[in-house]
Each structure stands twice: as C-alpha cells, then as structure tokens.
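Chemist: Structure provided below as structure tokens; questions to follow.
Since every read-out is calculated from the coordinates, none of them should be taken as a lab result. What you see is a predicted model; the values in this text were computed from it and never measured. Neighbour counts run over all protein chains shown; Cβ positions are idealised from the backbone, glycine included.
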C-alpha cells in the first residue's frame with residue numbers, strides 16, 4: 001500500500017509540475033499533431049490503414065520514448081538543482097525507484113494524450129480514419145506506455161551516479177526506437193539485430209499496437225502483451241537493484257546531495 | 001532516559017580529485033575525525049561549529065544520506081548503515097534555505113506528496129496536512145503556489161513538511177539561515193513547539209544566541225572533532241577565567257584597533273565588527289589582566305562611544321573554544 005501511494009503521489013506530482021503546464025502540454029500535443037497532419041496529408045485518404053497507423057501510432061510511441069528518456073535523465077537535475085528535493089526523496093522510506101517509476105509513467109500519460117490528439121487531427125483532416133479504435137488497441141497503447149516507462153527506469157539509475165550520461169541521451173534515444181520497431185518494422189533491420197529487438201519490451205508492445213491496429217481480436221494480441229509485460233517486470237527488477245546499487249554508491253562517495 | 005542518537009568514533013573522509021586529464025591528483029579530506037556523542041530522547045541538542053566543521057556531514061550520516069568511513073551511529077536504536085529504512089521512517093529532515101519544496105505547486109500539494117511518500121492514507125494525510133498548516137500558520141495560503149511565499153513562510157512550510165509523518169526525531173540543519181529577524185524568531189517558536197510535542201531535535205546553527213536560547217545541550221565541533229559538549233550554562237562556566245571587554249569606536253579608526261590588538265597581546269582574543277558608523281571591538285581576556293585600566297592611554301585621540309565589561313556569552317565561549325584550542329585537542333565535557 002505504501003508503495004502504491006508513493007507511486008501514485010509521484011505520478012500526480014509529475015503531472016502537476018510538468019504535464020499539466022500549458023507550455024509543456026502544447027509541446028507534447030503539438031508535435032504529434034503536426035506529425036499526424038503531415039502524415040495524413042502525404043498519404044491521403046486512400047492510404048492503407050497500416051501505413052497511417054505506423055505514422056500515427058508509431059510516431060506517438062517514438063515521442064513517448066524520447067519524453068521518458070528525457071525525464072529519466074533530467075529528473076535528478078530537476079529534483080537536485082531546481083527544487084533541492086532529491087535528498088528528501090532518498091531519505092523517505094519508499095524506494096527511490098518507485099518515485100522515478102511514478103514520474104516516468106506520468107510522462108507516458110502526457111505522451112498518450114499526444115497520440116490521441118494526433119489521431120483526432122488525422123481524422124479531422126481525412127474525414128474518416130481506417131483505424132479500428134478497439135479495446136485491444138487501447139490496451140496495447142497502455143502496455144506500450146508501461147514497457148517504455150520500465151525501460152526508462154533501467155536507464156535512469158546510472159544517470160544518478162553519472163550525470164554526464166545525460167549528455168548522451170540522443171545517442172540512447174535512436175537505437176532503442178529503431179531496434180524496438182516503434183516506427184518501422186524490424187524486418188528492415190539486419191538479422192544480427194533481431195535478438196536485441198526481441199529483448200526489448202517496447203518491441204513486443206509496438207507489435208501488439210500494430211496487430212491491434214489491423215483489427216485483430218484480443219486473443220491474437222494477448223501473447224504479445226504477455227511478452228511485453230513479462231519483460232517489463234524483469235526491467236523493473238533490474239531497475240530496483242540498479243537504483244539500490246547506485247544510491248549506495250552515491251552515499252559512499254558523498255555525491256548524493258550537492259551543495 | 002534512553003539515547004535517541006548514539007554516535008561512536010564516527011569518521012568520514014572524502015576523496016578529492018583534481019588536476020588535468022594527464023596529471024591527476026587525489027587527496028583525502030576528513031570532514032569528521034572520530035566523533036562520539038549521545039543525544040537523549042526528547043532532548044533539543046545543538047551542533048555548533050564554523051563552516052566546514054563537519055556539522056552537516058554528521059547530519060547527513062545520521063539521516064542515512066551519507067555512509068561513514070568508520071565508526072557507528074544509531075538513530076532510535078537503528079543502525080544508520082544497515083537499517084537505513086527503519087531510520088528513515090522515524091526521522092524528519094529540514095535543510096536550511098528555501099530549497100526542498102516544489103515551488104510550482106501549492107503547499108497542500110507539497111504536503112500531500114510527502115505524505116504519500118511516507119505511506120499515509122488519504123484521510124490521515126488530510127488531517128495531518130490541515131494540522132501541520134495550522135500549526136505553522138499557513139492554512140489561509142494552503143492552496144497558493146509556494147513560489148509566491150516569502151522565505152519565512154517557506155521555512156514554516158518546511159517545518160510542516162518535516163512533521164507530516166509525525167517523526168520521533170527531527171534534524172534541523174541551520175533552519176533560520178537567510179531569514180529576517182522576525183522570520184527567525186517565528187521559526188524558533190516553531191522549534192520550541194516541536195520540543196513541547198516531545199520530539200527529539202538535533203539542530204545545527206551558526207547563531208550562538210539561538211543555540212543558547214533553544215538547546216538543552218550543545219556540542220561544539222571544529223575541524224571534524226568534538227571540542228566541547230555541555231549545556232549552555234555549563235559551557236559558559238568552562239571559561240571562568242574569561243571576561244569580555246566591548247568597546248564602540250565611532251568612525252573608522254584602524255590605528256586604534258591596531259593599538260588595542262597590541263594591548264590584547266597573545267593571551268587575549270580580539271574581534272572587530274564594522275557597523276554603519278562605528279566599529280565594535282570585542283576583547284576576550286583572562287581575568288587578572290585589567291585591560292580597562294589601560295584604555296585611556298591606548299585609545300587616546302580615538303572617539304569612544306561606549307566601553308562595557310561583561311561576563312562571557314556562549315558566543316565568547318565558542319570563539320575561545322574554536323580559535324583558542326589547538327587542532328586535535330581533546331574534547332572538553334561537563335562533569336556529570
């Protein structure tokens with residue numbers, strides 16, 4: 001219960017600090033809307049649903065991953081340098097990884113609203129949309145949000161110990177969304193990269209989004225959800241251990257609290 | 001009484017790296033050099049010392065934010081290294097300054113968040129938030145953004161945040177730093193209330209009168225060592241051989257201060273404070289040296305505002321302890 005409260009509190013605080021700010025919301029909504037508009041106008045009303053789904057949903061997932069990676073990287077700066085609250089978070093009885101998980105999932109909530117806005121824009125421009133808005137698709141997007149947040153959590157831990165890694169987030173951004181096939185199928189990638197893709201939880205989530213966007217029933221998508229969520233749980237376990245290790249190391253070196 | 005905090009031979013070294021990419025240097029700096037002390041339950045204990053003395057390092061170790069290099073420390077019976085989780089549940093921390101709050105959201109949202117982090121249910125946290133805001137006089141501004149608060153209000157909100165989970169022990173690290181006199185007085189009142197609530201409090205401060213006014217016992221630390229540990233009254237009695245001469249010189253008269261310094265000699269400590277239109281010179285001198293008798297000659301030609309001979313305050317004791325003892329001298333402790 002304590003963990004659930006802390007997680008929910010962190011998610012709400014993240015939304016209150018950033019997600020619900022007009023400037024931030026505009027950037028989170030505007031980019032997917034512009035991408036959706038360009039995609040819809042380029043592909044036109046005769047475009048097959050699969051192609052448009054790749055643009056609308058894949059683009060949304062790419063944006064979600066970038067936003068989550070950014071939050072994983074800059075949370076330390078926000079809490080330590082801007083608000084001076086990082087020490088208080090670490091000194092709370094709940095694991096710091098739970099707080100980060102709340103922040104990262106909060107970020108995906110904002111990104112999901114961008115996906116929804118992009119779909120609405122495409123529908124308005126084209127007059128119709130060959131995209132089955134089914135429960136399977138909604139659940140697939142939620143699963144994608146969870147897997148992307150879980151992967152972000154794994155990346156967040158080392159950035160606490162080595163803030164210099166935050167300078168390399170662009171280098172971490174592209175390989176993940178390319179390997180996870182968020183924007184285009186991994187069949188286009190060399191064969192040697194296939195095992196890496198299969199080990200990425202967002203790959204299975206993106207596959208489920210693609211499958212659901214083709215109108216597949218829940219039964220056909222469920223195995224992909226299970227694979228995605230199974231890997232996400234493994235990521236969660238790795239992240240918890242990594243956070244404990246990193247925070248212990250930071251307590252030992254004295255780098256936990258600046259100033 | 002039982003000990004709320006037990007510190008035994010606590011030491012903390014930092015490795016400081018420097019130099020360029022080719023020639024790296026590495027040296028070890030000791031922030032704490034083997035401190036031993038106990039804080040009783042319900043006690044308001046002060047940790048005094050100059051900048052870099054090791055006060056904040058001690059608080060960071062006790063609040064589980066830093067690991068000691070050697071030695072042990074327990075807080076409410078829990079080891080700060082091996083049982084950090086249990087320690088965290090029972091302590092509250094307040095760092096000085098106006099950081100440590102989310103400025104873009106309201107006081108209520110700040111407190112709600114910290115209540116969530118400590119696992120408080122909604123009904124309990126609603127009640128605690130309302131009580132805490134009332135206790136610090138912020139209930140009318142509860143839903144205003146924190147970045148619209150004055151510094152004093154933010155510090156009071158810090159107190160409310162520290163209390164939200166009803167900790168048994170509270171660390172206050174220079175809580176009045178940067179506050180105006182009225183804000184600082186309000187905060188000292190809040191600290192007294194915490195004490196009345198039965199909380200054990202470990203307070204660090206630079207302000208001697210604050211420690212004198214609030215603390216049951218005070219530990220003076222310098223260069224990472226414990227220099228003295230006693231009640232404020234006992235500390236004052238530790239320098240029975242000392243008296244203080246305060247002289248107000250009107251206008252800037254550096255030559256007069258130089259002559260006073262000469263008069264003071266090595267056995268007395270002189271501090272000069274510049275005030276807007278005058279200078280306050282304070283001479284701490286061993287009893288038996290009648291410096292006052294020599295003043296008419298020493299200050300001939302200088303405009304003297306006032307001369308006061310008085311008993312030492314805690315600040316005088318502190319200056320004597322910190323400046324008058326060689327580094328590494330053993331701690332002075334009041335007789336039980």
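Chemist: Of all alpha-carbon pairs in the stretch A:1-56, indicate the percentage at a distance above 18 angstrom.
Modeler: Considering the stretch A:1-56, 56 percent of its Cα-Cα pairs are separated by more than 18 Å.
Chemist: In degrees, nearest 10, range 0 to 90: what is the angle between the Cα axis of helix A:2-14 and the longest Cα principal axis of chain A?
Modeler: Roughly 70 degrees, rounded to the nearest 10.
Chemist: What translational diffusion coefficient, in µm²/s and rounded to a whole number, does the Stokes-Einstein relation yield for the stretch B:152-307 at 25 °C and a viscosity of 0.890 mPa s, taking the hydrodynamic radius as the Kirkwood radius over Cα pairs? Can you show the working numbers first?
Modeler: Values: Rh = 18.6 Å.
Using the Kirkwood radius from Cα pairs, D works out to 132 µm²/s.
Chemist: Roughly what would the spin-label model give for residue A:21 and residue B:287, points 7 Å off Cα along C-beta, in nm?
Modeler: Inter-label distance under the simple model: 6.3 nm.
Chemist: Still on this structure, I have one more. Using the Cα atoms of the stretch B:31-172 to build a convex hull, what is its mean projected area in square nanometres?
Modeler: Computed as one quarter of the Cα hull surface, the answer is 9.2 nm².
Chemist: Ranked from highest to lowest mean number of other Cβ atoms within 10 Å per residue, what is the order of the peptides B:306-316, A:115-125?
Modeler: Descending mean neighbour count gives A:115-125, B:306-316.
Chemist: In peptide B:106-113, what is the residue-averaged number of other protein chain Cβ atoms found within 10 Å of each Cβ?
Modeler: The shielding value for this peptide is 3.
Chemist: Just grab the label-to-label distance for residue B:231 and residue B:189, each label 7 Å out from Cα along the Cβ direction, in nm (one decimal).
Modeler: So the label points at residue B:231 and residue B:189 sit 2.6 nm apart.
Chemist: Taking the Kirkwood radius as the inverse of the mean 1/r across Cα pairs, report the Rg/Rh of chain A.
Modeler: 0.99
Chemist: When only Cα pairs under 8 Å and 6 or more residues apart are kept, what is the percent relative contact order across chain B?
Modeler: It comes to 18 percent, rounded to a whole number.
Chemist: With all distinct Cα pairs included, what does the Kirkwood hydrodynamic radius of the protein assembly as shown come out to in Å, to one decimal, could you say? If you can, show how the numbers build up before the last one.
Modeler: Values: mean 1/r = 0.0361 Å⁻¹.
With all distinct Cα pairs of the protein assembly as shown included, I get 27.7 Å.
Chemist: Given R₀ = 51 Å, what would the calculated FRET efficiency be for residue B:150 paired with residue B:313, taking r from the Cβ atoms and rounding to 0.05?
Modeler: 0.95
Chemist: Could you work out the relative contact order of the stretch B:91-181? I mean the mean sequence separation of Cα pairs under 8 Å and 6+ apart, divided by the number of residues, in percent.
Modeler: It comes to 52 percent, rounded to a whole number.
Chemist: At a threshold of 8 angstrom on Cα-Cα distance, excluding pairs fewer than six apart, so keeping six or more, what relative contact order does the stretch A:96-222 reach in percent?
Modeler: 33 percent
Chemist: Now a separate question. Is there a simple number for the mean count of other chain Cβ atoms within 10 Å of the Cβ of residues in A:90-97, and what is it?
Modeler: So the per-residue partner count for this stretch is 6.
Chemist: Please report, to one decimal in angstroms, the Kirkwood hydrodynamic radius of the stretch A:192-245 built from all distinct Cα-Cα pairs.
Modeler: One decimal place: 12.1 Å for the Kirkwood radius.
Chemist: Sorted by average packing, counted as other Cβ atoms within 10 angstrom per residue and highest first, what order do A:199-209, A:28-38 take? Working shown, then result.
Modeler: On the way: A:199-209: 26.5, A:28-38: 18.6.
Ranked from most to least packed, the peptides come out as A:199-209, A:28-38.
Chemist: Moving on. For peptide B:117-130, compute the average count of partner chain beta-carbon atoms within 10 Å of each residue's beta-carbon.
Modeler: Mean number of neighbouring Cβ atoms from other chains: 3.
Chemist: Which order, highest average first, do A:136-148, B:28-40 follow once you tally other Cβ atoms within 10 Å for each residue and take the mean per peptide?
Modeler: A:136-148, B:28-40
Chemist: Do the sum for chain B: with -39,500 (n - 2.57) for every DSSP H run of n ≥ 4, divided by all residues, what is the mean residue ellipticity at 222 nm, to the nearest 500 deg cm²/dmol?
Modeler: Working: 11 runs with 112 residues, N = 336.
It comes out at -10000 deg cm²/dmol, rounded to the nearest 500.
Chemist: How high is the FRET efficiency between residue B:207 and residue A:3 when r is their beta carbon distance and R₀ equals 41 Å, given to the nearest 0.05?
Modeler: Details: r = 41 Å, r/R0 = 0.99.
E(calc), rounded to 0.05, equals 0.50.
Chemist: Where does each of A:61, A:172 land when they are ranked from fewest to most other beta-carbon atoms within 10 angstrom?
Modeler: With the fewest neighbours first, A:61, A:172 line up as A:172, A:61.
Chemist: Give me the Debye-computed log₁₀ of I(q)/I(0) at q = 0.09, 0.11, 0.15, 0.16 Å⁻¹ for chain B, equal point scatterers on Cα only, no solvent, two decimals.
Modeler: Computed log10 I(q)/I(0) values: -0.59, -0.83, -1.21, -1.28.
Chemist: Continuing with this model, one more query. Round to the nearest 10 and give me the degree value, 0 to 90, for the angle of helix A:135-161's Cα axis relative to the longest principal axis of chain A.
Modeler: Between helix and principal axis, roughly 30 degrees.
Chemist: Just subtract the alpha-carbon distance of residue B:36 and residue B:180 from 0.36 nm times their residue separation and send over the number in nm, one decimal. Kindly include the intermediate steps, with their values, before the conclusion.
Modeler: On the way: separation 144, 0.36 × 144 = 51.84 nm, distance 3.43 nm.
Difference between extended and current length: 48.4 nm.
Chemist: Rank the residues A:81, B:274 as a footprinting-exposure proxy: fewest other Cβ atoms within 10 Å of their Cβ go first.
Modeler: Final ranking by Cβ density, sparse to dense: B:274, A:81.
Chemist: Here's another thing I want to ask about it. For B:143, B:158, what ranking results if the residue with the fewest other Cβ atoms within 10 Å of its Cβ goes first? Could you put the intermediate results ahead of the total?
Modeler: Details: B:143 11, B:158 27.
In order of increasing Cβ crowding within 10 Å: B:143, B:158.
Chemist: Going by the alpha-carbon gyration tensor, a ≥ b ≥ c the square roots of its eigenvalues, is the stretch B:235-280 rounded (a/c under 1.5) or, if a/c is not under 1.5, prolate (a/b greater than b/c) versus oblate?
Modeler: Oblate.
Chemist: Could you work out [θ]222 nm for chain A from helices alone, using -39500 (n - 2.57) per DSSP H run of at least four and dividing by all its residues? Round to the nearest 500 deg cm²/dmol.
Modeler: Counting only the DSSP helices, I get -24000 deg cm²/dmol.
Chemist: For the stretch A:224-257, list residues with backbone N below 20 Å from a point placed 7 Å from the Cα of residue B:15 toward its Cβ?
Modeler: A:245-257
Chemist: Taking 1 over the mean of 1/r across every pair of different Cα atoms in the stretch A:102-247, what Kirkwood radius in Å do you get?
Modeler: Result for the stretch A:102-247, one decimal place: 16.3 Å.
Chemist: In nm, give the distance between the simple-model label positions of residue A:244 and residue B:70, each being 7 Å from the Cα along the Cα-to-Cβ direction.
Modeler: Here the answer is 2.9 nm between the modelled labels.
Chemist: How large is the Rg to Rh ratio of the stretch B:1-66 when both quantities use alpha carbon positions and Rh follows Kirkwood?
Modeler: With Rh from the inverse mean 1/r over Cα pairs, Rg/Rh is 1.13.
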